[in-house]
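The structure appears right after this line, and notes come after that.
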Amino acid sequence: MTALAQALGEGVAALQFSQLPPVAVSTAKTGFIDCSAVIVAGCEEAPVEILRNTLGAEGGVGEATLYFSSRRTTAPAAAWINGTAGHVLDYDDFARGHPSVVIVPALLAEGEVLDSNGMDLITAYVAGYEVFIDLLTRDIDSYQVKGWHPTPLIGALAAAAACARLRNLDAKGVTSALGLAAAQASGLTASYGTMAKSVQVGKAAHTGLLSARLAAQGMTAGIDVLDHAQGFLAALSPSGRVDLSRPVAIGHDWHILQRGLSIKRYPTCYCVHRLVDGALELAARHPIRVADIAAIEVSLSKTHVTILKHHRPRTGMEAKFSAEFAVAAAFLSGNLGMREVNDTYVTRPEVQALMQRVSIVENENYDPESLGFSIFDQVKITLNDGSTLEGPQVRHALGHAKKPLSGDDLRRKFMDCLANARVDSDGLFADFLRLETLTSCRSLVRRSAISEAA
């Protein structure tokens, strides 16, 4: 039987733009749009600044652009920094993990070096996405219950596949890039709620780009690195239930058509989005004074309770992984945005007090279509007079691939993220909408960047 890395390598190397279904092209463009927006929105956050200073990426000289500004650095460093910026707010898209934030920063950086065209960028994105979902769906269990952060672990290989496709590597070269990425991939759930989480995601983009470059120079790795008894997937697996028999379907049965992208409405862990939607709908149905709330009960899967580990957060980063905070903010502010997910808001007395009234009921009523998710999440309220109110049973958050944002909503998020940036937001958005027609990745960057001296 063909080794898994080899089969993936053959599929990626053979993929052509002409094969892509129109929906796959549209989804890839959405990935570029959303990820680019959150990169810009997150570019001034502390982890990004620290990483940029540490890597020495301060000047305006280099082969790749940082977050559509006049700053430049090496392509591997740009992928790492932009990837970190894209994840630091936890506002990036979702599909069993966060594919775009590891693929897009790597492609924009390497695409600028190679001066790739838009069709090549889209094809490479789809190649990376297909590898991402293929590998993530081979294990029956959730990596996160064992302490692994799936996005940087699998994302390093997805970024490697994307960059290898962008470089037109042959099947042997793509296979080597995947093996080299597997040798370097890392990421822990213990990093959730800390600066390290976004840094390890950004590092996956760096790892993928570097692995493709090494493979292009002739560096190799074992072709059985993924499916060996002591290989990558076995080492990660919580209980060893890995499906190695399923054939690779790149170019045939499209994961990108089946799963699409879920665009986040809230800058938090995706595990709380259904709760927030439910809380906001409950509040809209029944005008509720916070002072009248005696208790709030939320229903979550056991897996998500493990992930949402910060029950009494004191910082904005911790709050992103707190069901108690998410629901409290929804009732107090009628929203869960960047104005709420910060240290000042989190430590407000009324926020801390309401969080203490939130309890979690965990369940194992898992949705067979969504690893780790319950069939639905729900919010229930008990009022001071003893009466109770039940929110809707929410299966898909607004923005989910099966409940997508409108084009206007996507544009609104993009413009909100770029509101304070020195970037031609209208021009950049238009360029991404017609990405398949662009002849130069460099023109994309030049079209979007505005001199900081202007």
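The table for this structure:
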item	result
Residue pairs meeting the criteria (Cβ under 6 Å; at least 6 apart or on separate chains; first under 20 Å from S301 (Cα atoms), in the stretch 375-401; second outside any strand (DSSP E or B) and among the acidic types (D, E))	I375/D367; P392/E281; V394/D277; A397/D277; L398/D277
Qualifying residues in the stretch 274-290 (those that are without any contact (Cβ under 8 Å) to a residue 12 or more places away in the chain and of a type outside the set (D, E, K, R)) - the one nearest to G399 (Cα to Cα)	A284
Given (1) outside any helix (DSSP H, G or I); (2) of a type in the set (V, I, T); (3) touching a Gly at 6+ places or on another chain (Cβ under 8 Å), number of the condition V61 does not satisfy	(3)
Candidates S322, S301 - the one that is polar (S, T, N, Q) and either out of contact with any His (no Cβ under 8 Å at 6 or more places or on another chain) or free of Cβ contacts under 8 Å to residues at least 24 places away in the same chain (or both)	S301
Qualifying residues in the stretch 165-202 (those that are crowded, with 24+ Cβ neighbours inside 10 Å and of a type in the set (K, R)) - the one farthest from K146 (Cα to Cα)	R165
Selected residue (criterion: surrounded by the fewest Cβ atoms within 10 Å (Cβ to Cβ)) from residues of the stretch 57-109 that are of a type in the set (D, E) and over 9 Å from the mean Cα position of the chain (by Cα)	E58
Positions within the stretch 402-434 being over 25 Å from E44 (Cβ atoms), more than 20 Å from the chain's Cα centre (by Cα) and among the polar types (S, T, N, Q), in sequence order	none
Some residue of the stretch 376-395 being hydrophobic (A, V, I, L, M, F, W, C) and either at pLDDT below 95 or part of a helix (DSSP H, G or I) (or both)	no
Residue in the stretch 378-387 that is of a type outside the set (D, E, K, R), closer than 20 Å to C271 by Cα and out of contact with any helix residue (DSSP H, G or I) (no Cβ under 8 Å at 6 or more places or on another chain) present	no
Where a residue in the stretch 214-243 is outside any loop (DSSP other than H, G, I, E, B) and its partner, wherever it lies, is among the β-branched types (V, I, T), with Cβ under 7 Å and at least six apart	F232/V225; L233/V242; A234/V242
Condition check for E49: outside any loop (DSSP other than H, G, I, E, B) and either in the same structural domain as L435 (by TED's automatic domain parsing) or in contact (Cβ under 8 Å) with a residue 60 or more places away in the chain (or both)	yes
Where H286 falls short, out of the listed (1) at pLDDT below 95; (2) loosely packed, with under 13 Cβ neighbours inside 10 Å; (3) out of contact with any Leu (no Cβ under 9 Å at 6 or more places or on another chain); (4) of a type outside the set (S, T, N, Q)	(3)
The stretch 360-388, residues that are surrounded by 13 or more Cβ atoms within 10 Å (Cβ to Cβ) and either in contact with a Phe, Trp or Tyr (Cβ under 9 Å, 6 or more places away or on another chain) or within 16 Å of V290 (Cα to Cα) (or both)	Y366, D367, G372, F373, S374, I375, V379, K380, I381, T382, L383
Residue in the stretch 398-405 that is closer than 29 Å to H311 by Cβ and touching a Ser or Thr at 6+ places or on another chain (Cβ under 8 Å) present	yes
Residues of the stretch 97-123 classified as more than 29 Å from L244 (Cβ to Cβ) and not in a helix (DSSP H, G or I), total	3
Hits in the stretch 124-172 - residues which are among the charged types (D, E, K, R), farther than 23 Å from Y91 by Cα and part of a helix (DSSP H, G or I)	D134, K146, R165, K172
Residue among A7, A37 that is modelled with pLDDT of 95 or more, under 17 Å from the mean Cα position of the chain (by Cα) and buried (at least 19 other Cβ atoms within 10 Å of the Cβ)	A37
Matching helices (runs of 4 or more DSSP H) fully within the stretch 256-334 where at least 1 residues are in contact with a strand residue (DSSP E or B) (Cβ under 8 Å, 6 or more places away or on another chain)	273-285, 302-307, 323-333
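The values are calculated or read from the model by the stated rules, or taken from the named source; none is laboratory data. Quantities reported herein were computed from a predicted structural model and do not represent experimental measurements. When we count neighbours, we look across all protein chains shown, and the Cβ atoms used for this are built from the backbone with ideal geometry, even at glycine.
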